[in-house]
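Engineer: Submitted below is the structure of interest, expressed as structure tokens.
The values are calculated or read from the model by the stated rules, or taken from the named source; none is laboratory data. No experiment lies behind these values; they were computed from the predicted model shown. Glycine gets a Cβ as well: all are built from the backbone with ideal geometry, and neighbour counts include every protein chain shown. Accessible surface areas use protein heavy atoms only, side chains included; no ligands, DNA or RNA. Shrake-Rupley method; radii C 1.70, N 1.55, O 1.52, S 1.80 Å.
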Amino acid sequence: MKIGIVGLGLIGGSLGLDLRSQGHEVLGVSRQERTCKIAVARGAVDDAGVDLKFLADTDAIFICTPLAHLYTTVTQLIPYLSLNTVLTDVGSVKNSVVQAISPVWKNFVGGHPMSGTAESGIEAAQHGLFAQNPYVLTPTETTPLGAIALIESLIKPLQVRLYHCSPADHDRAVAWISHLPVMVSASLIAACTSESDSSALKLAQMLASSGFRDTSRVGGGNPELGVMMAQYNTVEVLRSLSVYRDKLDQIIGTIEQEDWSALEEILQQSQRDRPKFVE
Ligand code: NAP
């Protein structure tokens, strides 16, 4: 199949690498010439350019630009598309994106691969980024079944764990497991950095090991992406942060009151609950 990708960064570049290894012809469009050249050199696309016209003959297009550019990218693409072209996006927020794009392009299927790294840009693109990880599609009642089937046929061979849900359910769920962790992890790094004793801070930085690496990873990622999560999923991000603040206050309360059995109960419960989210 002839596939287009707009936005040759971490996600767009990684999709290109995987789709090409499945035997598809992949054409890319990105904002900068330099990115296009690197994408071709890295084998993420067969060819690339900065003009959306380049994708005129494609069967399906993955829109992999930052959240703020998804809708405008689609409206700028439309003049070059045949009515059968299927569009999908990879944005980390779905409700506002699907509500904006569905009315202007019938063959649109919202999507979100739940994969990433702390790096961004084409240099960070990698083979197999999506394998074994969830990939959510968020079709609506009006999404054509053929469009859903076509996108599924492209992403299933990437060994993803495929899920369907409504855009609103997606945004509520990912606020808990993706957007809240970014804010919590960023606050953790900021709290540590605010240590006023410079020798204690230096020692902490030297002693930081696997535990800190795990808990700080998502807070040390792409700042633009974190801002957009909050900007485009405001209600759900605020709801999850407010519950999180209550849970933190509960823990502070048990420690202030030296109520070690209450603290132990909280920690035993979290130990039991963690495997329900990750193995
Ligand atoms: P990224 O590495 O920064 O890549 C985005 C790329 O989009 C940039 O390389 C940039 O290309 C290009 N771009 C920006 N504006 C453009 C425009 N107007 N037209 C064409 N290309 C444009 O970001 P990313 O992490 O891949 O994120 C891309 C999308 O994936 C976002 O919608 C995000 O919500 C979603 N997502 C991200 C993750 C994650 O963990 N990173 C996970 C799942 C989904 P140039 O280099 O040419 O400027």
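Engineer: Given the residues Glu195, Glu236, which is the only one that is touching a Lys or Arg at 6+ places or on another chain (Cβ under 6 Å) and surrounded by 13 or more Cβ atoms within 10 Å (Cβ to Cβ)?
Structural biologist: That would be Glu236, the only listed residue that is touching a Lys or Arg at 6+ places or on another chain (Cβ under 6 Å) and surrounded by 13 or more Cβ atoms within 10 Å (Cβ to Cβ).
Condition check ((1) part of a helix (DSSP H, G or I); (2) more than 16 Å from the ligand (Cβ to nearest atom); (3) within 30 Å of Thr143 (Cβ to Cβ)) across all residues:
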{"position": "His179", "(1), (2), (3)": "yes, no, yes"}
{"position": "Ile189", "(1), (2), (3)": "yes, yes, no"}
{"position": "Glu195", "(1), (2), (3)": "no, yes, no"}
{"position": "Val235", "(1), (2), (3)": "yes, yes, yes"}
{"position": "Leu241", "(1), (2), (3)": "yes, yes, no"}
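Engineer: Against the conditions (1) surrounded by 10 or more Cβ atoms within 10 Å (Cβ to Cβ); (2) without any contact (Cβ under 8 Å) to a residue 12 or more places away in the chain; (3) farther than 30 Å from Arg161 by Cα, where does Thr254 fall short? Just the number, please.
Structural biologist: Only one criterion in (1) surrounded by 10 or more Cβ atoms within 10 Å (Cβ to Cβ); (2) without any contact (Cβ under 8 Å) to a residue 12 or more places away in the chain; (3) farther than 30 Å from Arg161 by Cα is unmet by Thr254, namely (2).
Engineer: Let me ask you something else. Looking at Ile251 and the list (1) out of contact with any helix residue (DSSP H, G or I) (no Cβ under 7 Å at 6 or more places or on another chain); (2) farther than 30 Å from Glu123 by Cα; (3) not small (Gly, Ala, Ser), which single condition is not satisfied?
Structural biologist: Checking Ile251 against (1) out of contact with any helix residue (DSSP H, G or I) (no Cβ under 7 Å at 6 or more places or on another chain); (2) farther than 30 Å from Glu123 by Cα; (3) not small (Gly, Ala, Ser), the one that fails is (1).
Engineer: Does Ile63 satisfy being near the ligand (Cβ under 10 Å from one of its atoms), over 25 Å from Thr138 (Cα atoms) and open to solvent by less than 50 Å² (accessible area, probe 1.4 Å)? Talk me through it step by step, then tell me what you get.
Structural biologist: Numbers: near the ligand (Cβ under 10 Å from one of its atoms): yes; over 25 Å from Thr138 (Cα atoms): no; open to solvent by less than 50 Å² (accessible area, probe 1.4 Å): yes.
Spelling it out, it is not the case that Ile63 is near the ligand (Cβ under 10 Å from one of its atoms), over 25 Å from Thr138 (Cα atoms) and open to solvent by less than 50 Å² (accessible area, probe 1.4 Å).
Engineer: Among the numbered conditions (1) of a type in the set (Asp, Glu); (2) touching an Asp or Glu at 6+ places or on another chain (Cβ under 9 Å); (3) in contact (Cβ under 8 Å) with a residue 60 or more places away in the chain, tell me where Glu25 comes up short.
Structural biologist: Unmet condition: (3).
Engineer: Which residues, counting only those in segment 71-125, are more than 7 Å from the ligand (Cβ to nearest atom), aliphatic (A, V, I, L, M) and outside any loop (DSSP other than H, G, I, E, B)?
Structural biologist: Val74, Leu77, Ile78, Val86, Leu87, Val97, Val98, Ala100, Ile101, Val109
Engineer: Could you please tell me which pairs satisfy a Cβ distance under 6 Å, a separation of 6+ or placement on different chains, a first residue in segment 107-133 that is on the phi > 0 side of the Ramachandran plot and assigned by TED's automatic domain parsing to the domain that holds Pro144, and a second residue that is within 9 Å of the ligand (Cβ to nearest atom) and at pLDDT 95 or above?
Structural biologist: Partner pairs satisfying both residue conditions: Gly121/Gly9.
Engineer: In addition: Of the conditions (1) among the β-branched types (Val, Ile, Thr); (2) more than 23 Å from Ser153 (Cα to Cα); (3) more than 11 Å from the ligand (Cβ to nearest atom), Val50 fails just one. Which one is it?
Structural biologist: (3)
Per-residue answers, yes or no, for (1) closer than 30 Å to Glu236 by Cα; (2) over 19 Å from the mean Cα position of the chain (by Cα):
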{"position": "Val6", "(1), (2)": "yes, no"}
{"position": "Gly16", "(1), (2)": "no, no"}
{"position": "His24", "(1), (2)": "no, yes"}
{"position": "Glu33", "(1), (2)": "no, yes"}
{"position": "Tyr71", "(1), (2)": "yes, no"}
{"position": "Pro79", "(1), (2)": "no, yes"}
{"position": "Ser82", "(1), (2)": "no, yes"}
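Engineer: While we're on this one: Using the structure shown, decide if Ser185 is assigned by TED's automatic domain parsing to the domain that holds Arg245 and open to solvent by less than 50 Å² (accessible area, probe 1.4 Å). Don't jump to the end; show me each part of the working.
Structural biologist: Details: assigned by TED's automatic domain parsing to the domain that holds Arg245: yes; open to solvent by less than 50 Å² (accessible area, probe 1.4 Å): yes.
Answer is yes for this residue.
Engineer: Mind checking which pairs have a first residue in segment 257-276 that is under 17 Å from Asp246 (Cβ atoms) and a second that is assigned to a helix (DSSP H, G or I) and open to solvent by 80 Å² or more (accessible area, probe 1.4 Å), Cβ under 9 Å, 6 or more apart or different chains?
Structural biologist: Ala262/Gln250; Leu263/Ile255; Ile266/Lys247; Ile266/Gln250
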